[in-house]
Amino acid sequence: MKPDLTQLRELVEASPEFGRGPAVAVPDAAIRDAEARIGRPLPPSYRWWLAEFGHGRAGDADIATVAPGGPDGFADDAYEDITAEWRRDGDRLCFGVEPDCGDTYSFALDRGGEHGGGEYPVVCRDGLDGDEQQVAESFAGFLAVRAARLRGLGDGPNPAVARLWRSTPGALLDNGVLVYGPHAIGERNETFEVAHYAPEWVLVGDDSGGGGLLMRRHGRDRTRVFHLDLGAIGPDIEADGEPVTDDLLGWLRSSAGDPRSPF
C-alpha cells in the first residue's frame, strides 16, 4: 500500500526513539544529483525523509543522508552519504546501519514494490551471519516496523495490521477513516479501555465520527474487521458490530479511491 506521508510525519514526531537533531533538509537538487550518481530514483518515502529531516536514526540504526562537501556542493565519498561506494552491493543499496557490526538495512533494487509507486522493499542483513530477510515493503514501512518494535508492539496486534505497517504507518482516507499506526494504536486502545471491555479484540482505527474499527487479536479469525460505536464496546463485538471486510489492505486500497463513507 502507498505510504501515507501525513501518518509518517506523525509517527516520526511521536517517536523519541528516533534520534534527530535539528532538521537539515536536503535540497531537491541535491537529491536529484544523488539519484543520478546511483542511477535510479530513490523511493518516495525516503526522499520525503531527506527533504524533511535530512539525517537521523531509527532506533539505533543510522539513516544515510546526502552529505554536503566539495566544490560541487555534495560528495559521494562521505561515510554517511547514500551515494558512498560501500553502500552499493549489486542490487542492494544500504541506507541504515547499526553500530558495532550490527545489522544493515538496504533497498532491494531488484524487487518492485507490492503495488509499485517507486518504493523498494527493505531487506535486513544480519551483522553476524550475513543472512538476509525482507522486513518491510517501503522505507515508510521500515520506520513503522522499527517504531512498533521499540514500543513493545512486536510486529503488530494481528497479521493484517502487521502487513499494513510494513507498507505504511497507518492510513487516513478522504472519507475520514483512519487506521492507526504504531504511534497511535496504544493510546487509542487505552482511551476506550478495549482491553478491559473486549480483551480478545483490538481497536485498529475509527471513522472520525464516533465509530471504531475492531479486529480480533487472538484466535483463528484475525482477518475480519467490524464497525461499532466506540461507546458500545463490549465482549461480543461480533454480535454487536457490523462486518466491514475480511481483507483490511484490499479494503483500504479500494476505499482510498472512493470518497463516500463505507458505513
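The numbers here are math on the coordinates, done by the rules we state, and not lab data. Quick caveat: nothing in here was measured; it's all calculated off a predicted structure. Counting neighbours? That spans all protein chains shown, and the Cβs are built from the backbone with ideal geometry, glycine included.
Our estimate of slack between E193 and D89, defined as 0.36 nm per intervening residue step minus the Cα-Cα distance, is 32.6 nm. A simple spin-label model places pseudo-atoms 7 Å from Cα toward Cβ; at E80 and Q133 they are separated by 3.1 nm. The charge dipole of segment 90-147, taken about its Cα centre with unit charges on the Cβ of Lys, Arg, Asp and Glu (plus for the first two, minus for the last two), comes to roughly 200 debye. Seen against the Cα atoms of the chain and their longest principal axis, helix 139-150 is set at about 60 degrees. The length gained on full extension between R220 and S208, counted as 0.36 nm times the residue separation minus their Cα-Cα distance, comes to 1.4 nm. Here S255, S208, S106 are placed in order of increasing Cβ neighbour count within 10 Å, fewest first, which gives S208, S255, S106. Taking 0.36 nm per residue of separation and subtracting the current Cα-Cα distance, fully stretching the chain between R125 and R37 would add 29.3 nm. Comparing mean-square fluctuations of D100, D131, D33 from a GNM of the chain with C-alpha springs under 10 Å, the top value falls on D100.
Around the Cα centre of the chain, unit charges on the Cβ atoms of Lys, Arg, Asp and Glu (plus for the first two, minus for the last two) sum to a dipole of about 280 debye.
Taking I233, I82, I63 in turn, the Gaussian network model of the chain (Cα-Cα springs below 10 Å) assigns the largest fluctuation to I233. Against the chain, whose longest principal axis is taken from its Cα atoms, helix 28-38 shows a tilt of about 70°. As a calculated quantity, the FRET efficiency between D155 and V24 at R0 = 41 Å, using C-beta atoms, amounts to about 0.80. Each Lys and Arg contributes +1 and each Asp and Glu -1, all at the Cβ; summed about the Cα centre of segment 5-148, the dipole is approximately 440 debye. If you restrict to DSSP beta bridges whose two residues both lie in the chain, what percentage is antiparallel, to the nearest 5? Taking every DSSP beta bridge with both residues in the chain, the antiparallel ones total about 95 percent. With the charge dipole of the chain set up from +1 on Lys and Arg Cβ and -1 on Asp and Glu Cβ about the Cα centre, the Cα lying farthest toward the positive end among the listed residues G156, G117, T191 is that of G117.
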